[in-house]
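The values are calculated or read from the model by the stated rules, or taken from the named source; none is laboratory data. A quick note: this is a predicted structure, and the numbers were derived from the prediction, not measured. FYI the Cβ positions are ideal-geometry reconstructions off the backbone, even for glycines, and counts take in every protein chain you see. When the accessible area is computed, the model is the full protein with side chains, heavy atoms only, and any ligands, DNA or RNA have been set aside. Shrake-Rupley method; radii C 1.70, N 1.55, O 1.52, S 1.80 Å.
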Amino acid sequence: MNPKTLLQPADWAKPKGYANGVAAHGLQVFVAGQIGWNAQCQFESDDFVEQTRQALLNIRAVLAEAGAAPCHITRMTWYVVDKREYLSRGREVGQVYREVLGQEYGVAMSAVQVVALMEDRARVEIEVTAVVPDAGSRSHAGEHDTPED
């Protein structure tokens with residue numbers, strides 16, 4: 001049995017780069033909102049894409065603490081302070097996403113513009129939920145359904 005199933009109503013257009021819904025069984029891992037600072041809580045850049053890269057690296061590190069990997073992510077919420085920057089730099093964001101998390105697009109994703117984040121220098125905050133399958137149903141990365149890019 002596939003531990004992660006994408007939920008796609010038959011008469012809906014297929015989304016690009018995310019899933020409309022995901023169902024999974026196993027250990028649930030909840031990662032708090034991660035921003036673009038390093039492990040010492042210091043920003044190395046004010047650039048949106050570089051902060052996105054660092055936030056995704058932080059997510060990957062927290063997931064690893066639970067024995068999880070990017071392929072286990074089921075839900076992701078992005079909080080951005082400037083939606084125009086997010087949209088205009090989408091190609092760069094996609095490239096960073098693939099570099100850090102791989103080709104994992106089987107994720108129910110939301111993006112929200114906010115007035116500000118708690119850390120003044122933060123341009124983006126990302127939180128995720130992941131599900132690590134039970135030992136009997138584990139698959140290797142890439143063995144589950146993914147939507148078209």
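Of the residues making up the stretch 24-44, those that are open to solvent by 40 Å² or more (accessible area, probe 1.4 Å) and not acidic (Asp, Glu) are HIS25, LEU27, GLN28, PHE30, ALA32, TRP37, ALA39, GLN40, CYS41, GLN42.
Hey, could you check the stretch 45-65 for residues that are under 19 Å from VAL96 (Cα atoms) and of a type in the set (Asp, Glu) and say which is least open to solvent (accessible area, probe 1.4 Å)? My answer is ASP47. The condition of being within 11 Å of the chain's Cα centre (by Cα), open to solvent by less than 30 Å² (accessible area, probe 1.4 Å) and either small (Gly, Ala, Ser) or over 28 Å from HIS25 (Cα atoms) (or both) holds for only one of ALA122, ALA108, ALA68, that being ALA108. Against the conditions (1) open to solvent by 40 Å² or more (accessible area, probe 1.4 Å); (2) touching a strand residue (DSSP E or B) at 6+ places or on another chain (Cβ under 6 Å); (3) basic (Lys, Arg), LYS16 satisfies every one except (2). State yes or no: is LEU101 surrounded by fewer than 18 Cβ atoms within 10 Å (Cβ to Cβ) and on the phi < 0 side of the Ramachandran plot? In short, no.
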